[in-house]
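Visitor: Pasting a structure here, questions to come.
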Amino acid sequence: MSQRTIGIHKIFSYPFVYSLTQKIMSGEAKRSSLVSNIMKNSNVLDIGCGTAKILDDLPKVNYYGYDISKKYINYAKKKYKKKTNNFFCKKFSISEIKKLPKFDFVLLFGVMHHLSDVQLEKTLFLIKKVLKKKGKLLTCDPIYEKKQNFIARYLIEKDVGKEVRFKDGYLKILNKKFKKINYKIDHQKFIPYTWFSTSCQII
């Protein structure tokens, strides 16, 4: 993982601060819109699930959440224990695949900009292994653009993740593993921010 964890960035390790920041920056609203088409009883894998707040926006699904933060996972286990017991405080790795079903959707929200190119390629390789034939990968991350609101640019530069890319940087890696990629760039007006979201399929 390539991220800032010292100084002021350390406060984001606390579930309350993380969730509040996501709400203020409209990250919650953006991600909520991305999962609006997920059907009831779908198999959903959430890599880098954080506090699993996305469960508030999902119908009844077979949900699996992975995150390396013990604080986030413990928070999610307590808050969403009636919805799922499938929370794992560990990296999503090849050894985990054998334990899991095939998935209709894999969520990779706010993760790509924490991973180097090599790390991201490895993660996408694993995701392909667990996706159903017509399954989808959904992603959402901050993005750099040449012409960008200066406040948005400043906030993104100060993000915990240190691997924020331009559009071509994200697409170059995604195109190595997925054949059908629909992407969207949203320029949020308040608070100024720029989001890059995709829906990817193997075929």
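The values are calculated or read from the model by the stated rules, or taken from the named source; none is laboratory data. In this text the structure is predicted, and so the values were computed from the model without any measurement. Here the Cβ positions follow ideal geometry from the backbone for every residue, glycine too, while neighbour counts run over all protein chains shown.
Visitor: For region 154-203, give me each residue that is more than 16 Å from the chain's Cα centre (by Cα) and among the basic types (Lys, Arg).
Guide: Lys158, Lys167, Lys172, Lys176, Lys177, Lys179, Lys180, Lys189
Visitor: Tell me, yes or no, whether region 133-142 has at least one residue that is farther than 19 Å from Lys30 by Cα, surrounded by fewer than 19 Cβ atoms within 10 Å (Cβ to Cβ) and touching a helix residue (DSSP H, G or I) at 6+ places or on another chain (Cβ under 8 Å).
Guide: No, every residue in region 133-142 fails to be farther than 19 Å from Lys30 by Cα, surrounded by fewer than 19 Cβ atoms within 10 Å (Cβ to Cβ) and touching a helix residue (DSSP H, G or I) at 6+ places or on another chain (Cβ under 8 Å).
Visitor: Additional query: Looking at this structure, is Lys180 farther than 24 Å from Lys102 by Cβ, touching a residue at least 12 places away in the same chain (Cβ under 8 Å) and in contact with a strand residue (DSSP E or B) (Cβ under 7 Å, 6 or more places away or on another chain)?
Guide: no
Visitor: In region 27-49, how many are in a loop (DSSP other than H, G, I, E, B) and either in contact with a Gly (Cβ under 9 Å, 6 or more places away or on another chain) or in contact (Cβ under 8 Å) with a residue 12 or more places away in the chain (or both)?
Guide: So the count comes out to 9.
Visitor: If the Cβ limit is 8 Å and pairs must be 6+ apart or interchain, which residue in region 78-107 that is under 15 Å from Gly135 (Cα atoms) pairs with which residue that is modelled with pLDDT of 95 or more and among the basic types (Lys, Arg)?
Guide: Short answer, once both residue conditions are applied: Lys102/Lys132; Phe103/Lys132; Asp104/Lys132; Asp104/Lys136; Phe105/Lys136; Val106/Lys136.
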